[in-house]
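Written below as structure tokens is the structure these notes are about.
No value in this document is a laboratory result; all are computed from the given coordinates. Quick caveat, the model's predicted, so the values are computed rather than measured. For neighbour counting, all protein chains shown are included, and Cβ atoms are generated from backbone atoms with ideal geometry for every residue, glycine included.
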Amino acid sequence: MKQQTKLIGIIVILIALLAGAFVLYQNLSKKYKADTASKETSSGDATEKQEAVTAPDFNAENADGKSINFFSLTGKKPIVLNFWASWCPPCKQEMPGFEAMYKKYSDKVNFAMVNMTDGARETKKKASSFIRKQGYTFPVYYDTEQEAAYNYQAESLPTTYFINRDGEIVSGARGAMEESALEAQIKKLLEEQSEQAHFNAPTPHSLRGLTTLRARCNLPRANNFLTHLCTTRGAFLFHREGRRTFL
């Protein structure tokens with residue numbers, strides 16, 4: 001009888017211990033889920049507040065030999081910034097499309113066709129002769145000091161950047177762009193501008209805090225967008241949020 005009573009007591013104790021362990025497990029699980037959700041929310045907030053990428057400034061010569069500051073083009077219209085050379089076959093391939101888009105959207109978008117004028121393989125004379133013979137009318141700027149190429153890491157040609165009215169890089173492309181792809185990116189610029197005009201009151205254009213892409217890329221924690229700008233090659237679109245779309 002005593003043994004039976006002792007056995008029952010042991011069983012009761014085991015049941016109590018199991019019940020306690022189950023309750024403790026449930027409470028810990030709820031706390032873990034709550035902490036995880038809190039961390040995910042904080043991470044999402046941090047991503048949304050991520051600093052926009054300001055387009056680097058540079059000086060280049062226009063067709064008349066006058067020095068032009070790139071920032072003088074910002075704050076008014078979105079900008080299509082293209083790096084090219086007359087010896088570059090893919091550059092020549094895409095230029096008719098840029099000319100067509102310039103004629104279609106020049107009243108809404110600024111075009112800056114920056115020639116890689118290194119003074120050896122490409123000279124201002126060669127580049128201007130090519131433009132004249134082809135009959136292109138878009139604005140051409142000559143990067144005689146290689147300042148623009150350095151700031152924008154234009155190590156392969158052609159390279160194109162799409163910059164909004166606030167002077168922030170929205171997207172870009174390495175390699176020749178089809179006219180349809182070029183127009184799609186221009187339309188996105190204009191849509192963004194339309195949304196800003198609808199929801200935001202006009203504010204003075206601020207260019208403080210400028211950091212070149214090269215400097216940002218050297219940081220140990222450069223964001224996905226800048227990492228793509230610094231390390232990727234080939235014909236693709238790169239976006240601020242880090243996605244890549246192959247052309």
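Return 191, 99 ranked ascending by Cβ neighbour count within 10 Å, so the fewest neighbours appear first.
Lowest to highest Cβ neighbour count: 191, 99.
Principal axes first, then extents: for the Cα atoms of region 59-200, list largest minus smallest coordinate on each axis, whole Å, largest first.
On the principal axes, region 59-200 reaches 49, 28, 25 Å in Cα extent.
If you keep only loop residues by DSSP, which chymotrypsin sites (Phe, Trp or Tyr not before Pro) in region 97-185 have at most 15 other Cβ atoms within 10 Å of their Cβ?
none
Using a simple charge model, +1 on the beta-carbon of Lys and Arg, -1 on the beta-carbon of Asp and Glu, nothing else, what dipole does region 74-136 show about its Cα centre, in debye to the nearest 20?
The calculation lands at about 200 debye.
Give me, ordered by chain and number, the residues 5 or more places off residue 138 or on other chains with an amide H under 5 Å from its own placed amide H.
So residue 138 has HN proximity to no qualifying residue.
What ³J(HN,Hα) values, in whole Hz, does the Karplus curve 6.51 cos²θ - 1.76 cosθ + 1.60 give for region 70-78 when θ = phi - 60°, with x put for Gly and Pro?
So the Karplus estimates, Gly and Pro as x, are 4, 4, 5, 8, 8, x, 10, 9, x Hz.
Going by the alpha-carbon gyration tensor, a ≥ b ≥ c the square roots of its eigenvalues, is region 76-153 rounded (a/c under 1.5) or, if a/c is not under 1.5, prolate (a/b greater than b/c) versus oblate?
Oblate, since a/c reaches 1.5 and b/c is not below a/b.
Output the pairs from 66/124; 66/103; 108/187; 76/108 with a Cα-Cα distance over 21 Å in this structure; if there are none, say none.
Correct reply: 66/103.
Over region 59-200, what relative contact order in percent results from Cα pairs under 8 Å that are six or more residues apart?
Normalised by residue count, the contact order of region 59-200 is 33 percent.
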